[in-house]
Amino acid sequence: MGGCVSTSSKSTCSSWSNGEKPVCRPYLGIGCCVSKRAKRTFSDHIVSLQNLTSIPNRITTSSKSRSSCIFTQQGRKGINQDAMIVWEDFMSEDVTFCGVFDGHGPYGHLVARKVRDTLPVKLQSFFHTLQSKQNGPKGTRFRRNSSKSAVQEAVKEGSGEEKLKGLWGEAFLKSFKAMDKELRSHPNLDCFCSGSTGVTMLKQGSNLFMGNIGDSRAILGSKDSNDSMVATQLTVDLKPDLPREAERIKRCKGRVFALEDEPEVPRVWLPYDDAPGLAMARAFGDFCLKDYGVISVPEFTHRVLTDKDQFIVLASDGVWDVLSNEEVVDIVASATSRASAARTLVNSAAREWKLKYPTSKMDDCAVVCLFLDGKMDSESDYDEQGFSSATNAVESDDGQRSEPCLQRNFTVRSSSDQENETYGNVNTEADAEDEKTVGDQNWLGLEGVTRVNSLVQLPRFSEEKSKT
């Protein structure tokens, strides 16, 4: 697993050998069970993933929150493999977590949603553990405001922002590593040739912490000295042809090259087979390539926000394939309402797909728009947009605009391919959302594609054979 940051993951579950019935108390919206007689320390904190849907200020479907709006639209290659999340009051009232996850492969939609649900909880857990170690054995007892206290103490003590950056940096590294480890050992989710990107962001006050793997992207919309909107790219698209990525992959015996009919799309290949052709250098899952240079270590960055910064946009490559950073900022800034900004952006991307690549299958799109002043529109403005059941909507042809000059992230082609392989229904253990939205759909990522996919073809061997 070349270049992976090692970390040990401890179970957060404790047994109740004394037979005493646990009492569930809410913490940050997460159920935590402690004995009536036990001291409420962090080691007693048990996170139940089954309770995530009931957490206030956490949204994962096309909707809005106090300071954000999110929207996803299914493309034309089968199951929507994109997932997204905004979790306000994540650690305290001034902490917000956002993420976009773009799955690929036969079970990519399940991988993306698993990461969406599990990664934030792991990040929270590792931050508390690191803070506890920093405070030593005389650390404070676990309480409702302990997260806020931990963050405030990190800022006040020592070098302030640098100490906070160090804590979050290590927490991001450890949580991404633990997430990938859990996927590898998951009993009901095959991640051998399936995986997901992950662009994640945590905003605490004026501090912005980013953890990114894959080719989803985050940008910042700000005002310049003339009050004109400008775009700043916050993350790097981690493609296999980046010098540092290519060097690591080749050092681990993996191969990096582009196909003749898509010279602008470098891919990762096994050393002994022209498969799977992964179009990114880092990802969750994709364990067929983890011994050959593909890693799940995030690129971590920190930025201090200013009054000029207006909003942040996280999106999957279905948006960046056809819209430039500047165009995305202009679309969000000029949306008729903040609550409709994410949907407006996805609709604009859908129109560009039809204009630029009329013979191509549009990719899934997922967008998170976070407004940094914390203000949104009234509820009536949002309801008028009709967001309630728009997750799998397909944009109509009306309202097309003239063809602009775009700066794409080069993962699209318009040539036609032969039919390859069709995958049946996925009978993997899934949550209620999976059962409702993808129960009888097929994954068509390799069937008659007319656009570049994250994978070209599956290896010709099984996971068991590869271990021999």
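Separation of the range 338-362 and the range 65-113, taken as the distance between their Cα centroids, equals 18 angstrom. Beyond a 25 Å Cα-Cα separation, which of these cross-linked pairs lie in this structure: K77/K174; K77/K177; K174/K290; K133/K165; K122/K375? Those over the limit are K77/K174; K77/K177; K122/K375.
Extension gain for S225-R66 works out to 54.4 nm (0.36 nm per residue, less the C-alpha to C-alpha distance). Sorted largest first by accessible area at a 1.4 angstrom probe radius, with every protein chain in place, the residues H302, H104 fall in the order H302, H104. Bins of 5 Å, beginning at zero and ending with the bin holding the largest distance: percent of Cα pairs per bin for the range 225-316, please. All Cα pairs considered, the percentages come to 3, 12, 21, 18, 13, 10, 9, 7, 5, 2, 1, 0.
In a fully extended conformation the segment linking N135 and K354 would gain 73.3 nm over its present Cα-Cα distance, using 0.36 nm per residue.
In the range 278-387, Cα pairs under 8 Å separated by at least six residues give a relative contact order of 31 percent. Here, P(r) means the percent of Cα pairs in each 5 Å bin from 0 to the largest distance; for the range 234-374 it is 2, 9, 16, 16, 16, 15, 13, 9, 4, 1, 0. Across the range 165-171, computed HN-Hα scalar couplings (Karplus, 6.51 cos²θ - 1.76 cosθ + 1.60, θ = phi - 60°) run 4, x, 5, 5, x, 5, 5 Hz from first to last residue, x flagging Gly and Pro. Size descriptors for the range 50-125, from the alpha-carbon set: Rg then Dmax equal 12.9, 40 Å. Classify the range 189-231 as rounded, prolate or oblate from the Cα gyration tensor: take a ≥ b ≥ c as the square roots of its eigenvalues, call it rounded if a/c is under 1.5, otherwise prolate when a/b beats b/c and oblate if not. Verdict is oblate for the range 189-231.
Net length available on complete extension from Y272 to K250 is 6.6 nm, with 0.36 nm assigned per residue and the Cα-Cα distance removed. The portion of the accessible surface of the range 301-367 made up by carbon and sulfur, rounded to a whole percent, is 48 (1.4 Å probe; DNA, RNA and ligands excluded).
A 1.4 Å probe over all protein chains sorts E93, E352, E170, E299 by accessible area into E93, E170, E299, E352, starting with the largest. What shape does the range 147-276 have by the C-alpha gyration tensor, where a ≥ b ≥ c are the square roots of the eigenvalues, rounded means a/c under 1.5, and otherwise prolate means a/b greater than b/c and oblate the rest? Since a/c reaches 1.5 but b/c is at least a/b, the shape of the range 147-276 is classed as oblate.
The values are calculated or read from the model by the stated rules, or taken from the named source; none is laboratory data. Keep in mind it's a predicted model, so treat the numbers as computed, not measured. Just the protein is used for accessible areas: all its heavy atoms, side chains included, with ligands, DNA and RNA removed. Shrake-Rupley method; radii C 1.70, N 1.55, O 1.52, S 1.80 Å.
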